[in-house]
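What follows is one structure encoded as structure tokens, with my remarks underneath.
The values are calculated or read from the model by the stated rules, or taken from the named source; none is laboratory data. All of these numbers come straight from a predicted model, not from anything done at the bench. We place every Cβ from the backbone using ideal geometry, glycine too, and count neighbours over all the protein chains shown.
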Amino acid sequence: MTSSSRDRTMIDWQAAGDEAVRYLRDLLRIDTRNPPGNEIRAAEYLRDLLQREGIACQIVGPSPERATLIARLKGSGRKPPLLLMSHTDVVAVEPDQWSHDPFGAELVDGFIYGRGALDMKHMVIMELMTMLLLKRSGVQLERDVIYMAAADEETGGQYGAGWVVEHHPELIQAEYAINEGGGAGSEINGRRYYTVQTAEKGTARFRLRTSGTPGHGSQPHSDNAILKLANLLSRLETQRTPVHYTTSLRAYIEGVASAQPPEVAQALRAVLADESRADEAIDALPLNENFKKRLRAMVRNTVAPTMLRAGSQINVIPSEAEAFLDGRHLPGWTPEMFAEELRQIFGDDVEIEFLNPSEPMEADPASPLFDIIKDVIRQHDPEATVIPTLLTGATDAKHIARLGTRVYGFAPGLYDGPGEWNRIHGHDERVSVRSVQWGTRVLYEVVARFASEA
Ligand SMILES: [Zn+2]
């Protein structure tokens, strides 16, 4: 028995789980809606908990309000550090659509309600508990374990993780990081999975602009900027960007298939047989529509129109019309390469202007950390399968990966039934008490093992 596994057995997991729930409820009551964020209040709350137990920390950021908390447990230094990263900001709420106060942290029927319960204050606290428990149990660390609760993830991270990478990379430089983006239990066709996010798409949002001849609304003509724009956008109804396989996509599909009955597994592997026929293979999958929708987005660079702007008066034909489109590109792709595909749809003379693009990232799933995650999940949920995944959205991983850090999304949680994850950024966001308790233990065991392994 290693010293770390001896330490693990000494932890009272009921008490640790209750403690995590208490801190989570406190944190959910701190309103960190971004904008404006005001993450300082969350940072101070976390700082006090860490300092009380003798863990050194500091608060950094571009302004006093946009605060990121960073703490460190020192190891022997024989191995490079591990970063536990999270964000403390949350998205807006429509309070009248909620059945509970979004900042009340009410506990009802085993669920804690609050904006950020799943995205991602639960993980802020599970990582905090990992720091506290490592310190209390005196585990011999071979790696420093760094804790970062960052500001501003929800609007891109420029004032949080992005700022730290620019101004204080030395505080968070690590070989591996554990982040949001995976880790929660899910079911596909009755089989249970836990994902580890090993890749995410980049954002390449852009503007399409058309111009025409202005005029009086009472005398229509065909050189109308709005009609031209509508014509361009309607092409997206029938034309799709091509399919491209990535390492993470292959690993994801193989992983899902590995736990399915033979006929489903075969249908899944058909998706990987030929890029030019992958869409047909996805359409034919004997799995639910949600799964297929996600898969269609995982196999390609995607584009979705999300905002329109044209005209200011009903009787005036405007000279310009604009559409804003949410573009997402795969690991291995640049916005410029993606633009080539977009020109296939919109034509060569259309100007595509990317707005603040961000990089995709992909981390090799073959690693000792991934193996430990698999092993710990096997102990706690023997029937489940652990699989890498590609996130179609973006997280702070894009910033941290620039430091050469291998970022895995693994915020462990139990499967609490279908639809729970749709509450992220939606109404009545909540997390179950049993999931927080379970996740606290799983995360601790992963980190304690990985960071103490010689
Ligand atoms: Zn998040």
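Data for the structure
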| read-out | value |
| --- | --- |
| Residue count, region 333-372 (criterion: under 24 Å from the mean Cα position of the chain (by Cα) and touching a residue at least 24 places away in the same chain (Cβ under 8 Å)) | 20 |
| Residues within region 196-248 that are among the polar types (S, T, N, Q), surrounded by fewer than 16 Cβ atoms within 10 Å (Cβ to Cβ) and not in a loop (DSSP other than H, G, I, E, B), tallied | 4 |
| Residue pairs meeting the criteria (Cβ under 7 Å; at least 6 apart or on separate chains; first at positive phi, in region 80-106; second surrounded by fewer than 18 Cβ atoms within 10 Å (Cβ to Cβ)) | 105/29 |
| Residue in region 341-356 that is part of a strand (DSSP E or B), within 16 Å of the ligand (Cβ to nearest atom) and buried (at least 19 other Cβ atoms within 10 Å of the Cβ) present | no |
| In region 133-146, residue farthest from the ligand (Cβ to nearest atom) [restricted to those that are surrounded by fewer than 22 Cβ atoms within 10 Å (Cβ to Cβ) and not polar (S, T, N, Q)] | 138 |
| Test: residue in region 47-55 that is surrounded by 12 or more Cβ atoms within 10 Å (Cβ to Cβ), modelled with pLDDT of 95 or more, among the polar types (S, T, N, Q) and assigned by TED's automatic domain parsing to the domain that holds residue 125 | yes |
| Considering residues of region 419-435 that are within 15 Å of the ligand (Cβ to nearest atom), at pLDDT below 95 and part of a loop (DSSP other than H, G, I, E, B) only, the residue farthest from the chain's Cα centre (by Cα) | 426 |
| Residue selected from region 150-179 under the condition within 27 Å of residue 365 (Cα to Cα) and of a type in the set (Val, Ile, Thr), by the criterion nearest to the ligand (Cβ to nearest atom) | 178 |
| Test: residue in region 249-272 that is within 22 Å of residue 322 (Cβ to Cβ) and either surrounded by fewer than 18 Cβ atoms within 10 Å (Cβ to Cβ) or small (Gly, Ala, Ser) (or both) | no |
| Residue 60 under 19 Å from residue 169 (Cα atoms), touching a His at 6+ places or on another chain (Cβ under 8 Å) and among the aliphatic types (A, V, I, L, M) | yes |
| Where a residue in region 402-420 is touching a residue at least 12 places away in the same chain (Cβ under 8 Å) and surrounded by fewer than 21 Cβ atoms within 10 Å (Cβ to Cβ) and its partner, wherever it lies, is part of a loop (DSSP other than H, G, I, E, B) and of a type in the set (Val, Ile, Thr), with Cβ under 8 Å and at least six apart | 403/172 |
| Qualifying residue in region 298-320 (condition: touching a residue at least 40 places away in the same chain (Cβ under 8 Å) and part of a helix (DSSP H, G or I)) | yes |
| Selection status of residue 373, away from the ligand (no atom under 16 Å from the Cβ) and at pLDDT 95 or above | yes |
| Which listed residue, of 31, 12, is touching a Phe, Trp or Tyr at 6+ places or on another chain (Cβ under 7 Å), modelled with pLDDT of 95 or more and assigned by TED's automatic domain parsing to the domain that holds residue 127 | 31 |
| Matching residues, region 382-400, being more than 16 Å from the ligand (Cβ to nearest atom) and in contact with a strand residue (DSSP E or B) (Cβ under 7 Å, 6 or more places away or on another chain) | 383, 384, 385, 386, 387, 388, 390 |
| The lone exception for residue 84 - which of (1) within 16 Å of the ligand (Cβ to nearest atom); (2) over 27 Å from residue 14 (Cα atoms); (3) out of contact with any Pro (no Cβ under 8 Å at 6 or more places or on another chain) it fails | (2) |
| Exclusive hit being under 20 Å from residue 451 (Cβ atoms) and part of a helix (DSSP H, G or I), set 128, 141, 118 | 128 |
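Matching residues to (1) within 28 Å of residue 54 (Cα to Cα); (2) within 11 Å of the ligand (Cβ to nearest atom); (3) modelled with pLDDT under 95; (4) buried (at least 24 other Cβ atoms within 10 Å of the Cβ):
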site	(1), (2), (3), (4)
95	no, no, no, no
111	no, no, no, no
116	yes, yes, no, yes
125	yes, no, no, yes
131	yes, no, no, yes
